Structures are given as structure tokens and as C-alpha cells.
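Engineer: Sharing a structure below in C-alpha cells format, with a few things to ask.
The values are calculated or read from the model by the stated rules, or taken from the named source; none is laboratory data. Everything numeric here is computed off the predicted structure, so don't read it as measured data. Cβ atoms come from the backbone with ideal geometry, glycine included; neighbour counts cover every protein chain shown.
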Amino acid sequence: MDWTLAIDRHRDALVRMVAALLVMAGGGEAMPRHVRTGIWRVLRPAEAAFRRLVVVVKVVLKIEARTRVSRGGPVPVIAGDSQDVPRVPAFALFDARKSFKPRSAWRGRKPQPNIRFFDDVQVFEPVVVVSPDDAVSAAQLMRRLQALQVALGDVPKQARRLARWEAKREVGRAQTGKYIAPIRPGKPPGHRDRGRHPVDFVLKDCHALALYALHDPPDTG
């Protein structure tokens, strides 16, 4: 398999999708509800696909964690740096864990009878009608979208971050016996069985590539 070709092809596809999502978002802190919903439906599987692509790069390039050397000395402050420009959050390299809390199966009436008296004062709250055109906050959406855009600009850097995080978690596993892998078992986040958007096919391919790289590491030496 040509791993370089596979990595570049899927990365380029994700870059184009993120660029299209940024155009849809418009860069504002608020947007219509239906626009935000449409972006989330593409952003979640795109994030999951990129996480798996980072795993593939780490395995193929055999990237390992390195010990950082502290050089000391004062850190110069550059005008217009982090003090003036909002910092883009780091991309989340680990899948969100699945919740196995049992859900309440009862959705109907309450078991006790609804008894009312004539002297009861009932207050009816007004019904809030949700419109798809309502303006809603998109601050969290924009942060995650920007984080993915920056991470796509330097995939090997994200692979080195993943290697450092995995090294830390290996130490934690030696102490507590617990370990959380970057890819959760089962279907990836944002997976849709009947998805027809291009991101669904990219996620499917990246997930298969990551599993193949993890279980049958390629010989790139």
C-alpha cells in the first residue's frame, strides 16, 4: 500500500471540507440554527476521521515521544502574540468515551393518578416554538472548527503530540492499570450507516486505515 498517497488524499479531502464549513459559518459568533446543525453533522465525522489519520501517520512514520529539554532563560514577548490574538485550542486527539449509563425506558404517563381539585391554581407555561432560523451561539463550534483547520496544517506535529500523550498514559497504566486508547472501540464518532456525504466515506476509509495500521503495522524501514 502507498501510505503516503492514502494519507495525502484523505488529508486534502478534509482540508476542502473544513474550508467549505468555514465559508458556511461566516466567522460570526452566532448563526441560524439550521446552519449550525448542518456544520455539526459534517464536523463531528471529520474530526473522527482526522484522529484516525493522525494514528496512521504516527504508526507509518514510527513517531515516538521525545523528552523535552528545558533551556531556561526568559521567554521573549512578541507584540501582537498571545496577548492580543485569541489562542486557537488544541485539537482533541482522543475520541470521546461512550456513555453506558442506563436510560429511563418509561416515556409515558406517571404511575400515580393525576388528581386535581376545583380550587387548584394551574399555571401554564408558554410553549416555546423553536425555529430553524433562530440565531444561536456558535462559539464552541468555531473553536473546534479552527482547531481542526490548524491541526490539518501540520499532521506530523499532531502525531508527535499523540506520541507524547500515549507515553504519559502508558505511565498511568503502569500505576493504575487503566489505559484509554485514542480510538474508542466500535463505530467511530459521527458514523452514519447510511451516510452519503463525502465525509462519511472519508471517515470509513480513515477508520479502516487506522485499524489496519494498528493491527498489522506496515514495514516502512
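Engineer: Could you tell me which numbered condition G153 fails, if it satisfies all but one of (1) among the small types (G, A, S); (2) without any contact (Cβ under 8 Å) to a residue 40 or more places away in the chain; (3) buried (at least 18 other Cβ atoms within 10 Å of the Cβ)?
Structural biologist: The number of the failed condition is (3).
Engineer: Next up: Looking at (1) over 15 Å from the mean Cα position of the chain (by Cα); (2) free of Cβ contacts under 8 Å to residues at least 40 places away in the same chain; (3) surrounded by fewer than 16 Cβ atoms within 10 Å (Cβ to Cβ), which one does R192 not meet, given that it meets all the others?
Structural biologist: R192 satisfies every listed condition except (2).
Engineer: Restricting the first residue to segment 5-30 and requiring it to be farther than 25 Å from A138 by Cα, which pairs with a second residue that is loosely packed, with under 12 Cβ neighbours inside 10 Å and among the polar types (S, T, N, Q) meet a Cβ separation below 6 Å and a spacing of at least six or different chains?
Structural biologist: Close Cβ pairs satisfying both conditions: none exist.
Engineer: State whether one or more residues within segment 136-157 are of a type in the set (G, A, S), within 28 Å of the chain's Cα centre (by Cα) and modelled with pLDDT under 90. Outline the logic, then answer.
Structural biologist: Of the residues in segment 136-157, the ones of a type in the set (G, A, S) are 137-139, 147, 151, 153.
Now restrict to residues that are within 28 Å of the chain's Cα centre (by Cα): 137-139, 147, 151, 153.
Next, from what is left, pick out any that are modelled with pLDDT under 90: none.
No, segment 136-157 has no match at all.
Engineer: Here is a follow-up. Check V23, V69, V75 and return the single one that is at pLDDT 75 or above and β-branched (V, I, T). It would help to see each step written out before you state the result.
Structural biologist: Working: V69 fails: at pLDDT 75 or above; V75 fails: at pLDDT 75 or above.
Answer to the selection: V23.
Engineer: Scan segment 29-60 for residues that are surrounded by fewer than 18 Cβ atoms within 10 Å (Cβ to Cβ) and outside any helix (DSSP H, G or I) and jot them down. It would help to see each step written out before you state the result.
Structural biologist: Start the filter on segment 29-60 by keeping residues that are surrounded by fewer than 18 Cβ atoms within 10 Å (Cβ to Cβ), which leaves 29-30, 32-34, 37-38, 40-41.
E29, A30, P32 - these are the residues of segment 29-60 that are surrounded by fewer than 18 Cβ atoms within 10 Å (Cβ to Cβ) and outside any helix (DSSP H, G or I).
Engineer: Out of E47, E64, which single residue is acidic (D, E) and either closer than 16 Å to R11 by Cβ or modelled with pLDDT of 95 or more (or both)?
Structural biologist: Details: E64 fails: either closer than 16 Å to R11 by Cβ or modelled with pLDDT of 95 or more (or both).
E47 is the lone residue from the list that is acidic (D, E) and either closer than 16 Å to R11 by Cβ or modelled with pLDDT of 95 or more (or both).
Engineer: Is there any pair linking a residue in segment 137-150 that is over 13 Å from L22 (Cβ atoms) to one that is surrounded by fewer than 19 Cβ atoms within 10 Å (Cβ to Cβ), with Cβ under 9 Å and at least six apart or on different chains, and which?
Structural biologist: Filtered contacts from segment 137-150: S137/E29; S137/A30; A139/E29; A139/A30.
Engineer: Is there a residue being modelled with pLDDT of 90 or more and outside any helix (DSSP H, G or I) anywhere in segment 197-204? Break it down into steps so the answer makes sense when it comes.
Structural biologist: From segment 197-204, those modelled with pLDDT of 90 or more are 197-204; that's our starting set.
Narrowing the set further to residues that are outside any helix (DSSP H, G or I) leaves 197.
Looking through segment 197-204, at least one residue is modelled with pLDDT of 90 or more and outside any helix (DSSP H, G or I).
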